[in-house]
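Enquirer: Would you mind keeping the following structure in view while I ask a few things?
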């Protein structure tokens, strides 16, 4: 079995997670939609951009710090919202939030988290963002905004690319069940995960469960409840109302075109996450890194731009920032770490990315993040 001490990159940690997690749960993290063209392309697209390093530059003190959402971060990447962390490790979202705080960056909690937003606020004093889905239950959306204010969250993020769930065929093939179920087979093949699931059986969608309990439903039905509650009539005007109610840094996640980026700016959003949901929604859309330049060109300088999807190396972070992004976010990498070894696994993922970032900044001849520009990168001729 893989050991954390033998993991030197994100792919090593991915393999360790694969060995530690039941098949259906690993593939829930690892898979995409339809033919997974977008999933694969998200990372492969980074290879289309080549560095143009500068030498004989002062690089004795590499500075990776940035300011995002008005917060000083020690690194130009943060942890994206991902749901159901309890499925991967009993440390849940709490472990991930602690890791982010130790690094000095933002942790993002999903609406579908298995830890309440209040508990995360008490767990860590590091910077935090809460991610919203727009539901037909407008009172619940308003409730989330007020709860985030009371819990001192630093930013609110709205995901707009899930009017319906994507076609994730791996989940069908592996017969994924939510909440997951242990069997005699998983007890034999994955004893550590099975024992932990039996010892810590607290799988609940803590941020929405009170709405479901009102109708006497079980946790298993929460996904059915949310599927019926996702609002397919969502409009920019309604989003503008949420932006106004929140009154703080507001991020719209799932933008891929300059046209939608302009709309987000016009309704008052302060940041955009260029994202295709990690290749889990519509297959065949553009990779986020290919969308940076055309979107950056149409936005005001103070509109913050975050690249979400496909980042597996510190060098990928540099490429995204050189093209005009203010920061990147990661999802799958830290979930691999969580599944592989809990909080220690997440710590290692973040350390690997930070070390790679610093090393590649030095190799490129860049001392500060603010020095990065398109001068340091070019797109390969194909």
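The values are calculated or read from the model by the stated rules, or taken from the named source; none is laboratory data. Keep in mind that what you see is a predicted model, and the values were worked out from it rather than measured. Cβ atoms come from the backbone with ideal geometry, glycine included; neighbour counts cover every protein chain shown.
Enquirer: With the checklist (1) closer than 15 Å to residue 339 by Cα; (2) in contact with a strand residue (DSSP E or B) (Cβ under 7 Å, 6 or more places away or on another chain) in hand, flag the one item residue 20 doesn't pass.
Expert: Here residue 20 meets the rest and fails (2).
Enquirer: Out of curiosity, is residue 111 at pLDDT 95 or above and part of a loop (DSSP other than H, G, I, E, B)?
Expert: The answer is no for residue 111.
Enquirer: Let me ask you something else. What about residue 308, is it without any contact (Cβ under 8 Å) to a residue 24 or more places away in the chain and either within 15 Å of the chain's Cα centre (by Cα) or within 27 Å of residue 240 (Cβ to Cβ) (or both)?
Expert: Values: without any contact (Cβ under 8 Å) to a residue 24 or more places away in the chain: no; either within 15 Å of the chain's Cα centre (by Cα) or within 27 Å of residue 240 (Cβ to Cβ) (or both): yes.
It is false that residue 308 is without any contact (Cβ under 8 Å) to a residue 24 or more places away in the chain and either within 15 Å of the chain's Cα centre (by Cα) or within 27 Å of residue 240 (Cβ to Cβ) (or both).
Enquirer: Do the conditions hold for residue 50, that is, is it exposed (fewer than 15 other Cβ atoms within 10 Å of the Cβ) and either in contact (Cβ under 8 Å) with a residue 24 or more places away in the chain or part of a loop (DSSP other than H, G, I, E, B) (or both)? Don't jump to the end; show me each part of the working.
Expert: Details: exposed (fewer than 15 other Cβ atoms within 10 Å of the Cβ): yes; either in contact (Cβ under 8 Å) with a residue 24 or more places away in the chain or part of a loop (DSSP other than H, G, I, E, B) (or both): yes.
When the stated conditions are applied, residue 50 passes them.
Enquirer: Looking at residue 97, is it touching a strand residue (DSSP E or B) at 6+ places or on another chain (Cβ under 6 Å), assigned to a helix (DSSP H, G or I) and closer than 24 Å to residue 353 by Cα?
Expert: yes
Enquirer: I'm trying to understand the selection: among the residues of segment 236-253, which are in contact (Cβ under 8 Å) with a residue 60 or more places away in the chain and farther than 15 Å from residue 130 by Cα?
Expert: Once the filter is applied, which keeps residues that are in contact (Cβ under 8 Å) with a residue 60 or more places away in the chain and farther than 15 Å from residue 130 by Cα, segment 236-253 yields 238, 239.
Enquirer: Further, regarding this structure: Is it the case, given these coordinates, that residue 103 is within 16 Å of residue 333 (Cα to Cα), touching a residue at least 12 places away in the same chain (Cβ under 8 Å) and either surrounded by fewer than 23 Cβ atoms within 10 Å (Cβ to Cβ) or over 15 Å from the mean Cα position of the chain (by Cα) (or both)? Break it down into steps so the answer makes sense when it comes.
Expert: Numbers: within 16 Å of residue 333 (Cα to Cα): yes; touching a residue at least 12 places away in the same chain (Cβ under 8 Å): yes; either surrounded by fewer than 23 Cβ atoms within 10 Å (Cβ to Cβ) or over 15 Å from the mean Cα position of the chain (by Cα) (or both): yes.
Considered against the rule, which asks whether it is within 16 Å of residue 333 (Cα to Cα), touching a residue at least 12 places away in the same chain (Cβ under 8 Å) and either surrounded by fewer than 23 Cβ atoms within 10 Å (Cβ to Cβ) or over 15 Å from the mean Cα position of the chain (by Cα) (or both), residue 103 comes out as yes.
Enquirer: What are the residues in segment 297-339 that are under 24 Å from residue 281 (Cα atoms) and in a helix (DSSP H, G or I), if any?
Expert: 316, 317, 320, 332, 333, 334, 335, 336, 337, 338, 339
Enquirer: Let me ask another. Here is a check on your reading of the model: is residue 126 part of a loop (DSSP other than H, G, I, E, B), in contact (Cβ under 8 Å) with a residue 40 or more places away in the chain and under 30 Å from residue 354 (Cβ atoms)?
Expert: Spelling it out, it is not the case that residue 126 is part of a loop (DSSP other than H, G, I, E, B), in contact (Cβ under 8 Å) with a residue 40 or more places away in the chain and under 30 Å from residue 354 (Cβ atoms).
Enquirer: While we're on this one: Considering only residues that are under 22 Å from the mean Cα position of the chain (by Cα) and either in a helix (DSSP H, G or I) or at positive phi (or both), which ones fall in segment 235-273? Write out each step before concluding.
Expert: So in segment 235-273, the residues under 22 Å from the mean Cα position of the chain (by Cα) come out as 239, 242-243, 246, 248-258, 260-261, 264-265, 269-273.
Within segment 235-273, 239, 242, 243, 246, 254, 258, 260, 261, 264, 265 meet the criteria.
Enquirer: Looking at 109, 56, 39, can you tell me which residue is over 19 Å from residue 166 (Cα atoms) and crowded, with 16+ Cβ neighbours inside 10 Å?
Expert: 109
Enquirer: Now a separate question. Which residues, counting only those in segment 120-131, are in contact with a helix residue (DSSP H, G or I) (Cβ under 6 Å, 6 or more places away or on another chain) and closer than 13 Å to residue 207 by Cβ?
Expert: Selection gives 120, 130.
Enquirer: Out of (1) within 21 Å of residue 77 (Cα to Cα); (2) in contact with a strand residue (DSSP E or B) (Cβ under 8 Å, 6 or more places away or on another chain); (3) part of a helix (DSSP H, G or I), what's the single condition that is false for residue 102?
Expert: Residue 102 satisfies all of (1) within 21 Å of residue 77 (Cα to Cα); (2) in contact with a strand residue (DSSP E or B) (Cβ under 8 Å, 6 or more places away or on another chain); (3) part of a helix (DSSP H, G or I) except (2).
Enquirer: For segment 135-163, give me each residue that is touching a residue at least 60 places away in the same chain (Cβ under 8 Å), part of a loop (DSSP other than H, G, I, E, B) and out of contact with any strand residue (DSSP E or B) (no Cβ under 7 Å at 6 or more places or on another chain).
Expert: Those that are touching a residue at least 60 places away in the same chain (Cβ under 8 Å), part of a loop (DSSP other than H, G, I, E, B) and out of contact with any strand residue (DSSP E or B) (no Cβ under 7 Å at 6 or more places or on another chain): 136, 137.
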